[in-house]
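One structure is given below, encoded as structure tokens.
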Amino acid sequence: MELTTRAVHAGRDDLVAQGLHAVPLDLSTTYPARDTRAEAERLHELGTGADIPGLPVYGRIGNPTVARFEQALAELEGCAAGVAFASGMAALSACLLAVAAAGTPHVVAVRPLYGGSDHVLTTGLLGTSVTWATPDTVRESLREDTGLVIVETPANPTLATVDLRKLADACGDVPLLVDNTFATPVLQRPAESGASIVLHSATKFLGGHGDVLGGVIATSDDFARRLRQIRFATGGILHPLAGYLLLRGLSTLPVRMQASSRTAAALAERLADHPAVTKVHYPGFGALVSFEVTGDPHEVVGAVRLITPAVSLGSVDSLIQHPASLTHQVVDPESRADGGISDQLLRMSVGLEDVDDLWTDLSKALAMING
Ligand SMILES: *Cc1c(COP(=O)(O)O)cnc(C)c1O
């Protein structure tokens, strides 16, 4: 079946048999069981990250509503399993803890990455070390103790793209983690190109309405088990209501991505012709457009009236922000330059508004700095 169809039906296969239309929201923190011996056995298995059928024991171990979202996202990404977390950073942290715990704490990563991801790798806060590479130097950067290669494509905030098939080849046996937050499975399915771990900040396009924080990993059964074990131990779980909202978000993801991408492509063309714009970063697909301006980028953010001046992305309304000050402030200036993040760069997440209304707002704001 096509992705648009699966987006509406995945994670909901059992509903008709249960006489349900909407997905049930299970807010239980604990689950009753009179047979303590059987419960003890289940708990032991679940504690190792096993995905066994039946009711969960406790909310930190698993939740049926969240499980529907995990299953649906895994299906859209073409992966065996999904594991959801409280945020995108909680999802990345679990991956880093998993590779560090396995005795392979060295990570090879390609800049630019989301500022928070860059920060957690650079500081080594979770016991990993990092070698920064370009797609061409990944292979020679691998070591005996390398447990993970990390890349974002299109990357935040420059929208630089990486040839995933080529990169996956360069990784050999080392798992390749692709942050697919910007493209979503509608525009790119990294597992089809050889990535073994696909990460999403579900806060962005998957939720789609700017009202839910979440993260999710799509991966193999084996790595999912390790992630569930870490999630059980560290507690970075997704709230069931967030799971409900994210599953609902998935059903409109394809139409939202298609509509926003059309508008973003049109805005990228108009921006390229604007005298206050020196460079447009648009990879030819997707709902984000980044551009460099001649004057003070803060003036542009301050002048828009329809577009929301805010960090984050992937909402039904368009957002604009200045990466060097906000999302990538935690990355030091030299490393920002390394990743091609100019101080003149603005990043816009295109929503579902009319293209002409957006252009009127944006071009008025750009006129403020032009001359
Ligand atoms: C926002 C974002 C993250 C972090 O996700 P949170 O849900 O904010 O923790 C990671 N990667 C990318 C590309 C992002 O845009």
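What follows draws every value from the coordinates through simple rules; no lab data is involved. In this text the structure is predicted, and so the values were computed from the model without any measurement. Ideal geometry is used to build each Cβ from the backbone, glycine not excepted, and the neighbour counts take in all protein chains shown.
Numbers below:
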item	result
Most fluctuating residue given options TYR58, TYR31, TYR114, as computed from a GNM of the chain linking Cα atoms under 10 Å	TYR31
Nearest-ten-degree value, helix 355-367 long axis tilted from longest Cα axis of the chain	50 degrees
Average projected area [Cα convex hull, region 254-370], square nanometres	6.6 nm²
Per-bin percent of Cα-Cα distances, the chain [10 Å]	5, 24, 31, 24, 11, 3, 1, 0
Per-q log10 I(q)/I(0), region 115-167, q = 0.13, 0.26, 0.28, 0.32 Å⁻¹ (Debye; single scatterer per alpha-carbon; no solvent)	-0.35, -1.22, -1.28, -1.33
MRE, 222 nm, helices only [DSSP H, n ≥ 4, -39500 (n - 2.57), over the chain, to nearest 500]	-12000 deg cm²/dmol
At R0 = 22 Å, FRET efficiency that the Cβ-Cβ distance of GLU192 and GLN258 yields, to 0.05	0.70
Bins of 5 Å, starting at 0 and running to the largest distance - Cα pair percent for region 304-351	5, 23, 28, 19, 14, 9, 2
Highest-MSF residue in the chain out of GLY47, GLY82, GLY172 [GNM, Cα springs under 10 Å]	GLY172
Whole-number percent relative contact order across region 191-265, with pairs defined as alpha carbons under 8 Å at least 6 apart	32 percent
Rounded to whole Å, sorted largest first: equivalent-ellipsoid semi-axes of region 1-85, Cα gyration tensor	26, 16, 10
Cα gyration tensor category, rounded, prolate or oblate, for region 167-210 with a/c compared to 1.5	prolate
Share of alpha-carbon pairs per 5 Å distance bin for region 226-266, given as whole %	6, 19, 14, 13, 15, 12, 10, 8, 3, 0
Share antiparallel - DSSP beta bridges, the chain, percent rounded to 5	55 percent
Over region 55-209 - Rg/Rh using Cα atoms and the Kirkwood inverse-distance radius	0.96
Per-residue ³J(HN,Hα) for region 100-112, Karplus 6.51 cos²θ - 1.76 cosθ + 1.60, θ = phi - 60°, Hz, x for Gly and Pro	5, 5, 7, x, 10, x, 8, 10, 9, 9, 10, 8, x
Gaussian network model of the chain, springs between alpha carbon atoms under 10 Å - residue of ASP211, ASP14, ASP317 with greatest fluctuation	ASP14
For region 83-95, 3J(HN,Hα) per residue [Karplus equation, 6.51 cos²θ - 1.76 cosθ + 1.60, θ = phi - 60°, Hz, x = Gly/Pro]	10, 9, 9, 5, 6, x, 5, 5, 5, 5, 4, 4, 5
